[in-house]
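S.K.: Encoded as structure tokens, here's the structure I'll be asking about.
The values are calculated or read from the model by the stated rules, or taken from the named source; none is laboratory data. Fair warning: this is a prediction, and the values are worked out from it, not measured in the lab. Reconstructed Cβ throughout: ideal geometry from the backbone, glycine too, with neighbour counts over all protein chains shown. These area figures cover heavy atoms from the full protein model, side chains too; ligands, DNA and RNA do not enter into them. Shrake-Rupley method; radii C 1.70, N 1.55, O 1.52, S 1.80 Å.
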Amino acid sequence: MIKKLAGTLSIIVCLILWGCREQVPAEAPVFTSLSVSENILNYSFTPTSKFDKNGLMFSDQGAWFAYSFPDSIGIAGFTGPFLMTQQNGIWSSRCLSYLRIKNINWKAHKTRSTSGFLEQVFISDDLQLTQRLAFKSGHTALIYSEIENTSDKDVSIQYQWRNAPILADGLELSGHNRQIEIASDHTDAMGYIQFSDSIVSCENNSYETQLKTASLAKGEVIKLDISQTFIFPEYDWGKEQKETVGINFDSLLERRKREKDLQLSKLLHNRRLKFQDSFYAQALAKAHLTLQNNWRIPAGEIKFEGLFPSYHYEWFNGFWSWDSWKHSVGLSFYDITLAKKQIKLMFEFQDEDGFVADCVYRDTTIEAHNYRDTKPPLSAWAVAAVFEKSLDTAFVHYMYPKLKKYHQWWYQKRDHDQDGLCEYGSTDGSLVAAKWESGMDNAIRFDGSRILKNSDDAYSLDQESVDLNCYLYAEKLLLADLAMVLAERKDSIKYKTEADFLKGQIQRQFYDEEKGWFYDTSLDGEHFIRGEGSEGWTALWTMAATQEQAEAVKEIMMDTTKFFTRVPFQTMSADHERFDPLKGYWRGPNWLDQAYFGVKGLRNYGYNDEANKATKQILEGANGLLEKGPAIRENYHPLTGEGLHAYNFSWSAAHVIMLLMKEQ
């Protein structure tokens, strides 16, 4: 505890010193950590249709809109923005604001990105146009342009701002003075574009600013600023406009660089010694940027900031409970404030009996919140991770009663036979929602399951799951620790006593001595539901297994015919007859959360060599994970390394961070 506090104080001192530096003229700072993120994702993309999601997009500060680079040089502006303010994501335009310079043909286009900004350069025979984009806030992005005469003679030019045709449904543009206003039939968010030049025409959803003429001497530069804002009605547009007008782009850019450099420094300097190579640093930068691009500020039904699983997949434009717990643990290594908000977001959707919704959305006219099931109990793990790094007792005070209610809910609503071992289930009696509650939707262990009624709003599967009860065991120990933070000694003793008893139940009921593996069982505990899956090493992650049990499980995990594949520790054994990574969502793909649980489980029992070997093989075997350009994927084919399903997946990114960090 004292060591943690000392670390926190040293960070505060560093921040104070940074503040002092700003007041003393000095050379421009070298952002060493930020440089690792340069071009880490390939944002070159021009959509062919309004819902085209075949390219990657950049956003920051929790904005609900994002940009790419044009993949051709026909239009001098940033692609988009892509609007997540409506219809689960849609392109406003191929370019909502481009700089037209009459009679200039661009011959080359160069791009550069970091986690803090986008930059592109257009080159002609006589001119160079440099454009940079950075987010001022979760509402506004600033676009800065420089037109430079690179020839050895005077050059006369005419230039103005225009838009490419509107793609998004229901958008209507209107203009006056120096501002374009953007309304939509599909959202209550409003858009605004502000220029330094007057709008001279805005009709039929097209606009153009005043055509300006300038004569540039050799080496002379013209500088232009515009802003694009998309803001929900719960925020004050007048205040945002006032703060945006006259803002210095260079100061904003410096602020973003410093912010991202500090965050990346925390990650890069906290790596395990075995993973100091530059490509592991790149993996961390890619993970950091993936989480950033999925970050959203509060709007509509959502009262706290949080992360999408993936902006790239239309049905992942919401907030899931166990995703949120995982995101928070990853975030806790570099952004404690956002980690706390992500946790609080989901607990805004906790019922009086303790139940927490599975997933929630900003706009329930697009998709309703899912109260049919919850997700595995990992929230105390997330809160403990945040407290370990922040020592914020106020946050523990806020969360502890909520965590207690959620923990008790499992025993009130998901223990059909009242034997102290819980089952996954649903609130509406549907079998599919009960499988969803496990988070491992179509895992083979649920193939023969049936639904049982506990009460009017509570149903259980007719099997007891090893992972669920291991999570609950870990949660009891974590609650005991959090109770001591609050001097709740009786609670702490109670949870530790319960944990000791549950640990014995787990070791006796779920472990198959013949096979050397942990399995789900029938409700009465008499029969194993065999078929090795990643749930089998959850007892190692939570330290609920004996050393002898862990040794047996480790041997199977390291077997190359079973789990030690090209991308090790996938969701089911490769030698099982129903192993099918391409067709089975949870029947073979490697999900990095499950892989991390396996690696950490090995470390818990002293198998560090095996854990290091597996970490290396996971990160190197997953296609594109250590390379510049490709996105982090939802899951990976364990035999080929092929990325599968959604792009830009947040919990994959969060677990890349966890795999590489020293502190767990």
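S.K.: Can you give me the long-range amide H partners of Gly629? Hydrogens built in the peptide plane at 1.01 Å from N, cutoff under 5 Å, separation of 5 or more residues or another chain.
M.R.: Under 5 Å from the amide H of Gly629 lie the amide H atoms of Leu41, Asn42, each far enough along the sequence or on another chain.
S.K.: Take the cross-link list Lys53/Lys453; Lys326/Lys413; Lys274/Lys628; Lys102/Lys628; Lys496/Lys554; Lys303/Lys375 and give me the ones stretching past 32 Å between alpha-carbons. Don't skip to the end; give the middle numbers.
M.R.: Working: Lys53/Lys453 42 Å; Lys326/Lys413 24 Å; Lys274/Lys628 21 Å; Lys102/Lys628 36 Å; Lys496/Lys554 27 Å; Lys303/Lys375 20 Å.
Checking Cα-Cα distances, Lys53/Lys453; Lys102/Lys628 exceed 32 Å.
S.K.: Which percentage, to the nearest 5, of the DSSP beta bridges contained in the chain is antiparallel?
M.R.: On the way: 91 of 94 bridges.
Just about 95 percent of them are antiparallel.
S.K.: A further question on this structure: For Cα pairs less than 8 Å apart in space and 6+ apart in sequence, what is the mean separation divided by the residue count of the range 49-137, i.e. the relative contact order in percent?
M.R.: Numbers: 159 pairs, mean separation 20.3, N = 89.
It comes to 23 percent, rounded to a whole number.
S.K.: Would you mind checking the radius of gyration and Dmax of the range 501-545 based on alpha-carbon positions, in Å?
M.R.: According to the Cα coordinates of the range 501-545, Rg and Dmax are 9.7, 27 Å.
S.K.: How large is the accessible surface of His416 in square angstrom, using a 1.4 angstrom probe and rounding to the nearest 10?
M.R.: 70 Å²
S.K.: Could you compute how fast the range 262-358 diffuses translationally, taking Rh as the Kirkwood radius over C-alpha pairs and applying Stokes-Einstein at 4 °C with viscosity 1.567 mPa s? Give it in µm² per second. Display every interim value, and only then the final one.
M.R.: On the way: Rh = 14.4 Å.
Estimated via Stokes-Einstein, D reaches 90 µm²/s.
S.K.: Taking amide H positions as placed in the peptide plane 1.01 Å from N, state which residues far from Met572 in sequence (5 or more) or on other chains have amide H under 5 Å from it.
M.R.: Residues meeting the criterion, in which the H sits 1.01 Å from N, are Ser534, Gly588.
S.K.: What is the calculated FRET efficiency for His645 to Thr337, with r their C-beta to C-beta distance and R₀ = 45 Å, to the nearest 0.05?
M.R.: Details: r = 30 Å, r/R0 = 0.67.
Here the calculated transfer efficiency is 0.90.
S.K.: Just order 610-621, 385-396 by mean Cβ neighbour count inside 10 Å, highest at the front, would you?
M.R.: On the way: 610-621: 20.2, 385-396: 17.8.
Descending mean neighbour count gives 610-621, 385-396.
S.K.: Could you state the orientation-averaged shadow area of the convex hull built on the Cα atoms of the range 138-275, in nm² to one decimal? Show your work: numbers first, answer last.
M.R.: Values: hull surface 53.0 nm².
Convex hull of Cα atoms, orientation-averaged projection: 13.2 nm².
S.K.: May I ask you to give the percent of accessible area on the range 537-664 that is carbon plus sulfur, with a probe radius of 1.4 Å? Write out the running numbers ahead of the final one.
M.R.: Details: 1920 of 4030 Å².
Ligands and nucleic acids excluded, carbon and sulfur give 48 percent.
S.K.: From the protein chains alone at 1.4 Å, what is the descending order of accessible area for Met572, Met543, largest first? Spell out each step's value before the answer.
M.R.: Numbers: Met572 5, Met543 85 Å².
Order by accessible area, largest first: Met543, Met572.
S.K.: From the phi angles alone, apply the Karplus equation (6.51, -1.76, 1.60; θ = phi - 60°) to the range 38-43 and give each ³J(HN,Hα) in whole Hz, x where the residue is Gly or Pro.
M.R.: 4, 6, 5, 10, 8, 9
S.K.: If the chain between Thr365 and Asp559 were fully stretched, how many nm would it gain, using 0.36 nm times the residue separation less the Cα-Cα distance?
M.R.: Values: separation 194, 0.36 × 194 = 69.84 nm, distance 4.87 nm.
Result for the pair: 65.0 nm of gain on full extension.
S.K.: Any chance you could run the full-extension gain for Ala394 through Thr497? It's 0.36 nm times the residue separation minus the Cα-Cα distance, nm to one decimal.
M.R.: Values: separation 103, 0.36 × 103 = 37.08 nm, distance 2.62 nm.
Extending this stretch completely gives an extra 34.5 nm.
S.K.: Kindly rank 54-60, 196-202 from highest to lowest mean number of other beta carbons found within 10 Å of each residue.
M.R.: Working: 54-60: 22.0, 196-202: 15.0.
The packing order, highest mean first, is 54-60, 196-202.
S.K.: Under unit Cβ charges (Lys, Arg +1; Asp, Glu -1), what dipole magnitude, rounded to 20 debye, does the chain have relative to its Cα centre? Spell out each step's value before the answer.
M.R.: Details: 72 positive and 89 negative charges, 392 e Å.
Dipole about the Cα centre, nearest 20: 1880 debye.
S.K.: Assuming R0 = 60 Å, what is the FRET efficiency of Met484 and Ala183, from their Cβ-Cβ distance, to the nearest 0.05? Mind showing how you got there, number by number?
M.R.: Working: r = 54 Å, r/R0 = 0.90.
Once rounded, the FRET efficiency stands at 0.65.
S.K.: State in Å² the accessible area per residue of the chain; use a 1.4 Å probe, count heavy atoms of protein chains only, and round to the nearest integer. Please list the in-between numbers first.
M.R.: Details: 25130 Å² over 664 residues.
Per-residue value: 38 Å².
S.K.: With a ≥ b ≥ c the root eigenvalues of the C-alpha gyration tensor of the range 26-178, is it rounded (a/c under 1.5), prolate (a/b larger than b/c) or oblate? Please list the in-between numbers first.
M.R.: Numbers: a/c = 1.71, a/b = 1.15, b/c = 1.48.
In terms of gyration-tensor shape, oblate.
S.K.: Would you check the accessible area of Ile493, probe 1.4 Å, heavy atoms only, in square angstrom rounded to 10?
M.R.: 90 Å²
S.K.: Still on this structure, I have one more. Taking amide H positions as placed in the peptide plane 1.01 Å from N, state which residues far from Asp373 in sequence (5 or more) or on other chains have amide H under 5 Å from it.
M.R.: Asp358, Thr427
S.K.: Something else about it: I'd like to compare 315-324, 449-458: which one has the highest average count of other Cβ atoms within 10 Å, and what's the full order after that?
M.R.: Values: 315-324: 24.2, 449-458: 14.9.
Descending packing order for the listed peptides: 315-324, 449-458.
S.K.: For the pair Ala108 and Val221, how long in nm is the line joining their label points, each one 7 Å along Cα→Cβ?
M.R.: So the label points at Ala108 and Val221 sit 1.8 nm apart.
S.K.: Going from most exposed to least, what order do Phe333, Phe51, Phe279 have by accessible area with a 1.4 Å probe? Could you put the intermediate results ahead of the total?
M.R.: Details: Phe333 20, Phe51 95, Phe279 70 Å².
Final ranking, largest accessible area leading: Phe51, Phe279, Phe333.
S.K.: Over the chain, calculate the relative contact order: mean separation of alpha carbon pairs under 8 Å at least 6 apart, over the residue count, as a percent.
M.R.: 11 percent
S.K.: Could you calculate the FRET efficiency of Glu348 with Leu582 from 1/(1 + (r/R0)^6), where r is the beta carbon distance between them and R0 is 56 Å, rounded to 0.05? Don't skip to the answer; put the middle values down first.
M.R.: Values: r = 38 Å, r/R0 = 0.67.
Once rounded, the FRET efficiency stands at 0.90.
S.K.: Then there's this: Under the definition of Cα pairs under 8 Å and six or more residues apart, what whole-number percent is the relative contact order of the range 304-431?
M.R.: Reported as a whole number, the value is 23 percent.
S.K.: Please compute the volume of the convex hull spanned by the alpha-carbon atoms of the range 131-185 and report it per residue in Å³. Can you show the working numbers first?
M.R.: Working: hull volume 7.9 nm³, N = 55.
Dividing the Cα hull volume of the range 131-185 by its residue count gives 143 Å³.
S.K.: Next question. For the range 269-276, just list the computed ³J(HN,Hα) in residue order, Karplus coefficients 6.51, -1.76 and 1.60, θ = phi - 60°, integers in Hz, with x standing in for Gly and Pro.
M.R.: 7, 10, 6, 5, 4, 6, 10, 8
S.K.: With the Cα gyration tensor of the range 450-558 giving a ≥ b ≥ c as the square roots of its eigenvalues, does the rule (a/c under 1.5 for rounded; else a/b larger than b/c for prolate; else oblate) give rounded, prolate or oblate? If you can, show how the numbers build up before the last one.
M.R.: On the way: a/c = 2.46, a/b = 1.24, b/c = 1.99.
Oblate, because a/c is 1.5 or more while a/b does not exceed b/c.
S.K.: Which value in deg cm²/dmol, rounded to the nearest 500, describes the helix-derived mean residue ellipticity at 222 nm for the chain, given -39,500 (n - 2.57) per DSSP H run of n ≥ 4 and division by the residue count? Please list the in-between numbers first.
M.R.: On the way: 17 runs with 226 residues, N = 664.
Estimated from H runs of four or more residues: -11000 deg cm²/dmol.
S.K.: Right, next: Taking θ as phi - 60°, what are the ³J(HN,Hα) couplings along the range 605-612 by the Karplus curve (6.51, -1.76, 1.60), each to the nearest whole Hz, with x for Gly and Pro?
M.R.: Values, residue by residue: 10, x, 8, 6, 4, 5, 5, 5 Hz.
S.K.: Using a ≥ b ≥ c from the Cα gyration tensor of the chain (square roots of the eigenvalues), is it rounded, prolate or oblate, where a/c under 1.5 gives rounded and otherwise the larger of a/b and b/c decides, a/b for prolate? The partial results should precede the final answer.
M.R.: Working: a/c = 2.01, a/b = 1.89, b/c = 1.06.
Prolate, because a/c is 1.5 or more and a/b exceeds b/c.
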